[in-house]
2 protein chains.
Amino acid sequence: MDDVAARKGRSKNRAGERAARIQDVARLAEVSTATVSRALATPERVSKEARARVLAAIARTGYVPNPAARSLRSQKTNMILVVLPDLANTFFSKILHGIEETLFAAGYGMIISDLDGSPAKEAHFAAFTAAGRVDGAILLNGHLFGQSRDGKGKPANITVPLVALCEAIPGADIPQIGIDNRAAARKMTEFLVSLGHKRIAYVSGPAANVLEKERFRGYRDALRAANLPFEQDLVIPGDYTLETGVAAGRQLIARANLPTAVFCTSDEMAIGLIRTLTLAGVNVPTEVSVAGFDDIEFAAAAEPALTTIHQPRRELGQAAAKVLIDLLNGRPSADRILLETALVKRDSVAPPR
Amino acid sequence: MDDVAARKGRSKNRAGERAARIQDVARLAEVSTATVSRALATPERVSKEARARVLAAIARTGYVPNPAARSLRSQKTNMILVVLPDLANTFFSKILHGIEETLFAAGYGMIISDLDGSPAKEAHFAAFTAAGRVDGAILLNGHLFGQSRDGKGKPANITVPLVALCEAIPGADIPQIGIDNRAAARKMTEFLVSLGHKRIAYVSGPAANVLEKERFRGYRDALRAANLPFEQDLVIPGDYTLETGVAAGRQLIARANLPTAVFCTSDEMAIGLIRTLTLAGVNVPTEVSVAGFDDIEFAAAAEPALTTIHQPRRELGQAAAKVLIDLLNGRPSADRILLETALVKRDSVAPPR
């Protein structure tokens, strides 16, 4: 890369010193100017040692390459957009960690878009992506830009590669990375059945959610396989938050006939439910077993420690980033990746009395 | 903004249709082309309604403005870097939410840099920032690029505005936003003293951490004010994680003489400690009171619910973003903002027996 700013003589920084040139960086790093350019534009083509020296020299000298000029030449932004439904939800922390570390290792930065239920934000980020401000996007929000969750509406005209993570986007012709939610929910329900439970309540996610539909199918699969009747009044609506777990607990306590086990389709709901039952004097797991889903940080520290489905969140983030990088480099990439879940047995589930 | 790409006739998209021009967007949105330009370059100068129509029309037509050409003219990236020590830590979720929503409302996007203890990542993002790839940065990592935590080393030559959030950076000439950690720790210790506790253990953060130093001062202030002796062996080292809370619990149980109260300087440590005591048959709060710090999501759902210091995390993120935006617009801005904390009394603290 040559240095438009320096050639034009735009050459004083705030302190009045001469602005650093690419030559200054090269001299300090003891490499050629071509190596400095490559370290910035195509870091994978430079040795780690040389790159570290160049970056240190840039930081020391305050050298400012002209990113716009560089971008005009390369047509690349080296930025990836990550679209979240709700950044405040701690479930995403480890997923973002996995995405970021993988993108960084490949020379990409991560821009966060938190939709937060705002159509205006969604329209903005759709336009932002369509405008080529990023090289690709990872969607954790369960739908394409411009479409509703059920696939209605015309998708925005996006030409950069997209990948769906965690929440599958049915019908979208993009790679999808996640877990087998149906199989995981079936596995947990079968475990409860194997302990002798016959009346197993189910606390659901939001009705329109793809994850919810799959998990509910898995719950019913297991009941059917065990010849247990499906009872509609054992299905309690939730939305994955702590608050709806508390509400589900209150609803259960008000009933004459408690189920012996409750399968909550998120750990947050399970923790809220357990706390509500405990405060009402119902012992978990002696009187009611409670299972969760996700294996968030606090599942192991909950009281009692939560029996749940472990989702490999960091690995999910890494896998999605890797598929996107493959697409960007024209390498063959998987259309669909399902990572393994594990049933983690802790203390919140026991055989019925 | 005019449309370099369209004027040059770079004009077929993948489907072979003519690429959309700014005129197509203007026609569909029923605004002038100048309004389309403004909606992208200076959104604050366009009404919300017009902007929404323009964004919708851009998404519909697939219009691609040339961001590099635009950036060359404006010298702005409209991007802010947020530097985190550890993205996997759920403490940051709500802070990031507050930052993102405030930046978005002002027309800025958020790029995440997760340092993750890697000097190579730090050098990269220092160079990235020095190179003007972002318009400013919010530092949550407790030190300037190029310096150690204790202020040693020459800071990188960064000319864009910086703001420090949560972890103050002593000696750095940049605005600092956070809470009064010393006063908050004193408040909690005084509360424990007021209930009659005389032997109050303290589970610390990492020794080099600015937050830790302040909180430890607050703990000692309260002991001194109450004429209680400071006992070095009641200080148990931790690093804010659940695991060190568990380790602190084990250390306490092994002692002949339990303190009647333990002040943990993070909720994660408090939750790990409570679980360890409970499993060992020590009742919280009857035998030992345990207090936390932060008021994370699970503090209220812990068993027993955690008495802690509430940090207004979303508001902290909003405040830091606002100060940075003020700096970017040449408006007067605060040098130092301390947001109020609150002592939240729940069930993990009681008077000693």
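The values are calculated or read from the model by the stated rules, or taken from the named source; none is laboratory data. Just so you know, these numbers come straight off a predicted model, no measurement behind them. All Cβ positions, even for glycine, are placed from backbone atoms using ideal geometry, and neighbour counts span all protein chains on display.
B:Gly109 fulfils the conditions (1) more than 7 Å from every other protein chain (Cβ to nearest Cβ); (2) modelled with pLDDT of 90 or more except for a single criterion, (1). It is to be established whether one or more residues within segment A:284-294 are in the same structural domain as A:Glu190 (by TED's automatic domain parsing) and at positive phi. Looking through segment A:284-294, at least one residue is in the same structural domain as A:Glu190 (by TED's automatic domain parsing) and at positive phi.
The condition (being surrounded by fewer than 22 Cβ atoms within 10 Å (Cβ to Cβ), in contact with a helix residue (DSSP H, G or I) (Cβ under 6 Å, 6 or more places away or on another chain), in a helix (DSSP H, G or I) and not hydroxyl-bearing (Ser, Thr, Tyr)) is satisfied by just one residue among A:Arg224, A:Arg217: A:Arg217.
Out of all the residues in segment A:42-49, is one or more closer than 17 Å to B:Ala123 by Cβ, more than 34 Å from the chain's Cα centre (by Cα) and at pLDDT 70 or above? Within segment A:42-49 (the criterion being closer than 17 Å to B:Ala123 by Cβ, more than 34 Å from the chain's Cα centre (by Cα) and at pLDDT 70 or above), the answer is no, since none of the residues qualifies.
Count of segment B:141-189 residues, restricted to those that are in a loop (DSSP other than H, G, I, E, B), more than 14 Å from chain A (Cβ to nearest Cβ), in contact (Cβ under 8 Å) with a residue 12 or more places away in the chain and not acidic (Asp, Glu), is 12. Of the candidates A:Val4, A:Val31, the single residue that is more than 18 Å from B:Glu122 (Cβ to Cβ), out of contact with any His (no Cβ under 6 Å at 6 or more places or on another chain) and modelled with pLDDT under 80 is A:Val4.
Do we find that A:Asp295 is of a type outside the set (A, V, I, L, M) and within 23 Å of the chain's Cα centre (by Cα) in this structure? Spelling it out, A:Asp295 is indeed of a type outside the set (A, V, I, L, M) and within 23 Å of the chain's Cα centre (by Cα).
Could you please find all residues in segment B:84-107 being buried (at least 24 other Cβ atoms within 10 Å of the Cβ), more than 9 Å from the chain's Cα centre (by Cα) and either in a helix (DSSP H, G or I) or acidic (Asp, Glu) (or both)? Result: B:Glu100, B:Leu103.
Yes/no per residue for (1) at the interface with another protein chain (Cβ under 10 Å from one of its Cβ atoms); (2) modelled with pLDDT of 95 or more; (3) surrounded by fewer than 20 Cβ atoms within 10 Å (Cβ to Cβ); (4) part of a loop (DSSP other than H, G, I, E, B):
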{"site": "B:Ile274", "(1), (2), (3), (4)": "yes, yes, no, no"}
{"site": "B:Glu287", "(1), (2), (3), (4)": "no, yes, yes, yes"}
{"site": "B:Val290", "(1), (2), (3), (4)": "no, yes, no, no"}
{"site": "B:Ala302", "(1), (2), (3), (4)": "yes, no, no, yes"}
{"site": "B:Arg314", "(1), (2), (3), (4)": "yes, yes, yes, no"}
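Look at B:Lys76 and say whether it is at pLDDT 75 or above and either over 30 Å from B:Leu139 (Cα atoms) or at the interface with chain A (Cβ under 10 Å from one of its Cβ atoms) (or both). Considered against the rule, which asks whether it is at pLDDT 75 or above and either over 30 Å from B:Leu139 (Cα atoms) or at the interface with chain A (Cβ under 10 Å from one of its Cβ atoms) (or both), B:Lys76 comes out as yes.
Taken as a whole, the structure leaves A:Thr129 outside the set of residues that are in a loop (DSSP other than H, G, I, E, B), hydroxyl-bearing (Ser, Thr, Tyr) and either within 8 Å of another protein chain (Cβ to nearest Cβ) or under 25 Å from B:Phe125 (Cβ atoms) (or both). The single residue among B:Ala185, B:Ala201 that is at pLDDT 95 or above and either under 22 Å from the mean Cα position of the chain (by Cα) or assigned by TED's automatic domain parsing to the domain that holds B:Glu167 (or both) turns out to be B:Ala185.
Quick check: is even one residue across segment A:255-263 surrounded by 24 or more Cβ atoms within 10 Å (Cβ to Cβ), small (Gly, Ala, Ser) and either assigned to a strand (DSSP E or B) or away from chain B (no Cβ under 13 Å) (or both)? Yes; the residues of segment A:255-263 include at least one that is surrounded by 24 or more Cβ atoms within 10 Å (Cβ to Cβ), small (Gly, Ala, Ser) and either assigned to a strand (DSSP E or B) or away from chain B (no Cβ under 13 Å) (or both).
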